[in-house]
Each structure stands twice: as structure tokens, then as C-alpha cells.
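Chemist: Sharing a structure with you now.
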Amino acid sequence: MSEQVTGAELLIEALKKNDLKNVYGVVGIPVTDLARMMQRSGMRYFGFRREDSAVNAAAASGFLTGKPGLALTVSAPGFLNGLVALGEATKNCFPVIMISGSSERHIIDLNRGDYEGLDQYNIAKPFCKAAYRVDRPEDMGLAVARAIRSAVSGRPGGVYLDLPADTIGALLDENIDPESTLIKEDDPAPQQRPSVEAVDKAVEVLKNAKKPLIILGKGASIAHAENEVRDFIETTKIPYLPMSMAKGLLPDDHESCVAAARSLSFSDADAIMLVGARLNWMLSHGEKFNSDAKLIQIDVDANEIDSNKKIAAPLVGDMKSVFNELTPAVKKAGIKASQDWLDALKAKKDENFAKMQKRLTTPRSPMGYYGALAPIKELIKKNPDTYLVSEGANTLDIGRNVIDIFKPRHRLDTGTWGVMGVGLGYAIGTAIETGKKVVCVEGDSAFGFDGMEIETICRLHLPITIVVFNNGGIYNGAEKDPAGSDPAPITLDAKGRYDKLAEAFGGLAYNVTTPEELDKALNEAFDAGKPAIINAVIDPALGKESGHIGNLNPKLGIK
Ligand code: ADP
Ligand code: MG
């Protein structure tokens, strides 16, 4: 560092000291030079078109690496755009730090009116795990240390770091040694071991169970606990159901995976072990479980226990530590799932596999969801290193059941809030962090939220193949417009050529109407490893209202 250093330099040195080198952002006042300096100092800066996509890319980075992803935004509107994604990341338990430039406090606090002036620090608080503001350059190292620890310890999540313009440019007192202000975080997410009593209790529940079931959630993916999970499942033979972002922790074709017998496993299991999965809306708050089932829950957050149903055996601790205690204990107790239970589930699985096979291979014109998903399923099977990003209503819901994932953290989707518009940001963050190819499967409506990031993808030459399932609507494109009115609320342009957007920025573009054409285009784009959009024309008559969660819509009796 030079003799007298600025807040900006101290921030950069503090981030680098903690091995945080990739930043995703959108620049403008007051952070443009900061981003330039980041690049010049050996960090990598990736510029986006909207802040939510940048924060989503950083969130994907956090999910994949376990280190906090970094995002950078301008003040007020840029901050607010990014805040949506910071909220999503926090809900998803993805570690991310959103850094936003802001106005000087003496302007904001007296409400004197400023260019893009907003009390960002206070506004951010409800949407993240922690918010910090840095008012003096000598605190930059402390701020980064606190942000890192908050993002990754306990239940991971989003952190907001507020940088007033005057702190960014402020000079450190020349009597202070810059290096002395920096902190290298040591063990920011320390182990949390479960108590012996808690382990005994869980073993007792499993011992008494005739039909045990594991629900594997993305907490296990976030914890990078695939080896521990595999050891436990292969020891006990307890069948498991993966939640969408836990797919691939064990390969989806694993013999203990009962994703294809979901209803039966819910209704019949007499002991259900939640492994990094909240009992939230995605699991119908546990209402579809056998009401006599005893519940075990592994979670790093004690506050999650009993949030929806009584948990008979809470195992509070970090996933790896919990399994390090639990697996030897179940081995000692000789716990094994009974063959009868496994046979019953296997029979149901086989029945449902046959039905699925039929759906995937029955020809249909115009093209339907299953026909279009079949080539994507094949491609991922042949290339299991490929990352899959998915969003949309029906595209997501049907795709989750159709496309198998074989490696941990290789599927990213709409997550805990079920939000649309995360896809391209996730895809970009994933391609950059892993250097691997990404297939991004999007509904036409979902693509609309962040479609302009195709320019980012092309500018950065990323190997991302986007398949837009174009059925011309939010849910579907078959609704008749009421006489004399504007287009129906769910209607989008079914004839739209989303592929042309890729062409505009030098990417590959395909328009396909059959599974065969889609297969050819997909493989060609994938092999080329270049940015591509495939506009896959789907029958507008297909697509259920809100996909698999139509029951959440209030019934207003519209005719
Ligand atoms: P899903 O959507 O896959 O069901 P959720 O996001 O609902 O998963 O649940 C993830 C849970 O995992 C959260 O309650 C979170 O506290 C927990 N979790 C995150 N990291 C860890 C970890 N390292 N160890 C244990 N639990 C964790
Ligand atoms: Mg659609």
C-alpha cells in the first residue's frame, strides 16, 4: 500500500486478505473508481445490466464456494434493485455481501436531499442477516471481517455493507499503519457440535421407526456435507427425498432416492428426518406427512426447531459435526431400514418411472414440456459436470422431476421464495466461479425479468446455453382476451423470438419447434461452449396456472 491510503484501498486490501477476489456489480456514482481500482489491484470485477442479477451472481458464488459472494451497487435505486436479491439470498441461506455506495450521513440524516439519497443502512436491515456502515477508513478492515463472519457463520445469509462516499475517498491518518487495520478472518464458520443427549434421542426415534424417511434439503448442499450424508444413507439404507437444490448431493439415480415415490413416502413414513430442510411451504408445513410420524431435524439454527410441527428429536449443530456424531451412533445401534418398506417404495418408484418414460417419449405436436425436457435430461446425464439453472412455473416444476442431477450443488433454481428472475444471474455466477458449462432452462415469463443479461453473458464469453420454453404466457398463452380489452394478464408474445437477443450480441441463436430440433440445437450450442439462446416453441395451451402450486391462489370465482 502507498503511504497515505484511501478507504477504497483499505476495502480492497481487506477483501483480498480474506481471499475474496470476484465482484459482481453495476457501477455509477459513487463506486465507479472503486470498481476500477478493484480490477487494477488484481481482483476480478464483472459488470452487469441490473443490480439484482449482479447480487444473484454473487449469491450463486456463495452457494457454490461456501465463501461470501461479493456484489457492488450504486446508491438508492441501484441499492434497492440489489436489495431484492439480497433478501432472496438471505431466505436461501446463501452467504453474500452486498456493498453499496451511499450518500454522506450529514446530508441523509438531516434529510437535506441528495442525488440518489436514501438511508440505505436502516432500510437494508430487515432484508439481510446483518447490516454495517463504515464511517472511517480505519474501520474498513473491521467492517469486512464482521461482514464475512456474519455471512457464513451459523445459518448463512446476506450481509449489507454501506459505504458512504466520503468514507470511500477518505484518507487514513498517516500515523496509522494501514496493515494494522486489516483482519484476516480465521475459522469464520466454527463447528457447532450437537449434544450427546440430542444424538441419543435421534437414535432412539430411528430405532423405533418401521418406515423411516430422510428429506434432504439445500442446507446439506450449503454445508458441503455430501460425504457425510452418503455415509449415513448407505449405512442405514434409509430412503431419501431430495429437495430441489439438494438434488445431486447423491446422484438422483441412487437406489435410496425415492423422489419418484414422494406422496407414498410422505403419507406412510413413521419417522421423518429433516436434513437441512425447513418445514416451510415447500413441504406444506408438514401437513401432508403421516400425522403420527416422529420428526428429527438437523439444523444449524436452533430457532428453526418446532417452527411448524413438534420436532421429537432436534439435532442442532452444523451438518458435518452432526453426522460425525450421529453416523457412528446409528452404526453402533445397528439401524437399518426394513426391506418391506424399501420394497413398497421401490414398487411405487417403478410404476412412476414407467409413467414418466411414456410422457417423455410420446410424440406430440406442437411440442410439450416433456418432449422439450427430454433432450436436456439426456445432455445432463451424458455431461454430469454441467450445471443446471432453472426457473419458470411449469418449466421449473416439471423440469425438477424430469432432469436428474448427479453432482452436489449442480442445480440452482428459484429457491425458498420461489422467485422468477434469478436465472441469468445465477448462471453467470456459476459459469465464472466453476469454469464449467451451464444450461439455463427458463420459462418465457421468467426470462423476461433478466433477459438483458444476455449482453453480459456474450460480453464475458460465458459457456451458457439458455433454453427459453416459449408458450407465450405467464403459466400459458392460451387465454382469450375478453372482448374489447387489452391482452389478458397472463398473455405474452408466443411468436416472440427470444433467440434473436443472443444474435444481437454475437451469441448463437436457434428457433426450434420439435424435440429433435431442440436436441440438435442444444448439443451444437453446448459443444461450441459459446453463449446461446434456444427459443423452444411450446404449445401455448400447455402450462397450468402457477405450475404445481396453483392451490396458493385465492379463489375469486372468475369466469
Ligand atoms: P430446502 O429448500 O432445500 O428444503 P431450506 O432452505 O428450507 O432447504 O433449509 C435449509 C436449512 O439448512 C436452513 O434451515 C438452514 O438453517 C440449514 N443450514 C444451512 N447451513 C447449514 C449447516 N452448515 N448445517 C446445518 N444446517 C444448515
Ligand atoms: Mg410461459
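The values are calculated or read from the model by the stated rules, or taken from the named source; none is laboratory data. Keep in mind the model is a prediction, meaning the values are calculated, not measured. So basically every Cβ, Gly included, is an ideal-geometry build from the backbone, and we count neighbours across all protein chains shown. These accessible areas exclude ligands, DNA and RNA; they are computed on the full protein's heavy atoms, side chains included. Shrake-Rupley method; radii C 1.70, N 1.55, O 1.52, S 1.80 Å.
Chemist: Roll a 1.4 Å probe over the protein heavy atoms and report the accessible area of D306 in Å², nearest 10.
Modeler: 80
Chemist: Calculate what fraction, in whole %, of the accessible area of the chain sits on carbon and sulfur atoms when a 1.4 Å probe is rolled over the protein chains. Walk me through the numbers on the way to the answer.
Modeler: On the way: 11890 of 23470 Å².
Carbon-and-sulfur percentage of accessible area, whole number: 51.
Chemist: Rank-order 388-400, 545-557 by packing density, defined as the average count of other C-beta atoms within 10 Å over each peptide's residues, highest first.
Modeler: Numbers: 388-400: 25.1, 545-557: 10.2.
Averaged packing, sorted descending, gives the order 388-400, 545-557.
Chemist: With charges set only on the Cβ (+1 for Lys and Arg, -1 for Asp and Glu), what does the dipole of the stretch 475-559 come to about its Cα centre, in debye to the nearest 20?
Modeler: Details: 9 positive and 13 negative charges, 70 e Å.
Here the size comes out at about 340 debye.
Chemist: To the nearest 10 square angstrom, how much accessible area does K544 have with a 1.4 angstrom probe?
Modeler: 120
Chemist: With the dipole of the stretch 23-182 worked out from charges on the C-beta (+1 for Lys and Arg, -1 for Asp and Glu) around the Cα centre, which of S100, P68, M38 lies farthest toward the positive end?
Modeler: P68
Chemist: I've got another one for you. Over the chain, what is the relative contact order in percent, taking alpha-carbon pairs closer than 8 angstrom and at least six residues apart?
Modeler: Numbers: 1250 pairs, mean separation 68.9, N = 559.
It comes to 12 percent, rounded to a whole number.
Chemist: Moving on to the next point. When only the heavy atoms of the protein chains count and the probe is 1.4 Å, how do W417, W341 rank by accessible area, highest first? If you can, show how the numbers build up before the last one.
Modeler: Working: W417 120, W341 5 Å².
Highest to lowest solvent-accessible surface, that is W417, W341.
Chemist: Of A374, L556, L412, which is farthest along the charge dipole of the chain in the positive direction, counting Lys and Arg as +1 and Asp and Glu as -1 at C-beta?
Modeler: A374
Chemist: Moving on to the next point. Roughly how far apart, in whole Å, are the Cα centres of the stretch 178-201 and the stretch 431-498?
Modeler: That distance is 42 Å.
Chemist: Where a ≥ b ≥ c are the square roots of the eigenvalues of the C-alpha gyration tensor, would you call the stretch 100-236 rounded, which needs a/c under 1.5, or, failing that, prolate if a/b is larger than b/c, or oblate?
Modeler: prolate
Chemist: Tell me, Kirkwood radius of the chain from alpha-carbon pair distances, in Å?
Modeler: After inverting the pairwise mean of 1/r, the radius is 24.8 Å.
Chemist: Within 10 Å, count the other beta carbons around each residue, average over each peptide in 168-176, 250-258, and list them highest first. Could you put the intermediate results ahead of the total?
Modeler: On the way: 168-176: 14.2, 250-258: 17.9.
Descending mean neighbour count gives 250-258, 168-176.
Chemist: Further, regarding this structure: Between the alpha-carbon centers of the stretch 113-130 and the stretch 244-271, tell me the distance in whole angstrom.
Modeler: 42
Chemist: Quote the convex hull volume per residue of the stretch 305-363, based on C-alpha atoms, as a whole number of Å³. Don't skip to the end; give the middle numbers.
Modeler: Numbers: hull volume 10.9 nm³, N = 59.
Convex hull volume per residue, Cα atoms: 185 Å³.
Chemist: Dipole of the stretch 142-263, Cα-centred, from +1 at each Lys and Arg C-beta and -1 at each Asp and Glu C-beta, to the nearest 20 debye?
Modeler: Details: 14 positive and 19 negative charges, 225 e Å.
The dipole magnitude comes to about 1080 debye.
Chemist: Give the relative contact order (percent, whole number) for the stretch 429-542; include only Cα pairs under 8 Å separated by 6+ residues. Could the numbers behind the result be given before it?
Modeler: Numbers: 216 pairs, mean separation 36.4, N = 114.
Across the stretch 429-542, relative contact order equals 32 percent.
Chemist: Between beta-carbons, use under 11 Å as the cut-off and find the net charge around A337, counting Lys and Arg +1, Asp and Glu -1.
Modeler: Numbers: positive: K210, K211, K237, K336; negative: D340, D343.
Net charge in that neighbourhood comes out at +2.
Chemist: For the stretch 1-125, what does the alpha-carbon gyration tensor say about shape, rounded, prolate or oblate, given a ≥ b ≥ c as the root eigenvalues, a/c under 1.5 as rounded, and a/b over b/c as prolate?
Modeler: oblate
Chemist: Ok, one more. Given K67/K320; K210/K331; K358/K530; K237/K349, which pairs have Cα atoms separated by over 22 Å?
Modeler: Working: K67/K320 17 Å; K210/K331 17 Å; K358/K530 33 Å; K237/K349 16 Å.
Listed pairs above 22 Å: K358/K530.
Chemist: Here's another thing I want to ask about it. Could you point to the residue in S291, V441, V55 farthest towards the positive end of the chain's charge dipole, with +1 and -1 charges on the Cβ of Lys/Arg and Asp/Glu respectively?
Modeler: The residue sitting farthest along the positive end of the dipole is S291.
Chemist: If packing is taken as the average number of other Cβ atoms within 10 Å across a peptide's residues, how do 281-293, 434-446, 321-333 rank, most packed first? Walk me through the intermediate numbers first.
Modeler: Working: 281-293: 15.1, 434-446: 23.5, 321-333: 18.0.
Packing order, densest peptide first, comes out as 434-446, 321-333, 281-293.
Chemist: Determine the sum of side-chain charges near K67: Lys and Arg each +1, Asp and Glu each -1, restricted to other residues whose C-beta is under 15 angstrom from that of K67.
Modeler: Numbers: positive: K16, K17, K21, R44, R149, K184, R409; negative: D19, E185, D186, D187, E433.
Value of the local net charge: +2.
Chemist: Any idea of the accessible area per residue across the stretch 1-113, 1.4 Å probe, to the nearest Å²?
Modeler: Values: 3920 Å² over 113 residues.
Spelled out: the 1.4 Å probe surface of the stretch 1-113, per residue, equals 35 Å².
Chemist: On a C-alpha basis, how far is the centre of the stretch 1-46 from the centre of the stretch 290-327 in Å? Whole number, if you could?
Modeler: The two parts, judged by their Cα centres, are 41 Å apart.
Chemist: What shape does the stretch 384-453 take by its C-alpha gyration tensor, where a ≥ b ≥ c are the square roots of the eigenvalues and a/c under 1.5 counts as rounded, a/b above b/c as prolate, and the rest as oblate? Let's see the in-between values first.
Modeler: Values: a/c = 1.89, a/b = 1.17, b/c = 1.62.
Oblate.
Chemist: Can you tell me what share of the DSSP beta bridges in the chain is antiparallel? A percent to the nearest 5 is fine. Display every interim value, and only then the final one.
Modeler: Values: 2 of 68 bridges.
Antiparallel: roughly 5 percent of the beta bridges in the chain.
Chemist: Rounded to the nearest 20 Debye, what is the dipole magnitude of the chain about its Cα centre when Lys and Arg each give +1 and Asp and Glu each give -1 at the C-beta?
Modeler: The dipole magnitude comes to about 1820 debye.
Chemist: On a 1.4 Å probe surface of the protein chains, which of E524, E226 comes out largest in accessible area, and what is the full order? Numbers along the way, then the final one.
Modeler: Working: E524 95, E226 35 Å².
Sorted by accessible area, descending: E524, E226.
Chemist: Hey, with R₀ at 30 Å, roughly what FRET efficiency would N290 and R364 work out to, going by the Cβ-Cβ distance, to 0.05?
Modeler: The formula returns an efficiency of 0.20 here.
Chemist: In addition: Evaluate the relative contact order of the stretch 222-372 (contact order divided by residue number), counting alpha-carbon pairs under 8 angstrom at least 6 apart; express in whole percent. Let's see the in-between values first.
Modeler: Values: 165 pairs, mean separation 37.3, N = 151.
For the stretch 222-372, the relative contact order is 25 percent.
Chemist: Which value at 222 nm does the chain reach when only helices count, each DSSP H run of 4 or more adding -39,500 (n - 2.57), with the total divided by all residues and rounded to the nearest 500 deg cm²/dmol?
Modeler: Dividing the helical sum by the residues of the chain leaves -12000 deg cm²/dmol.
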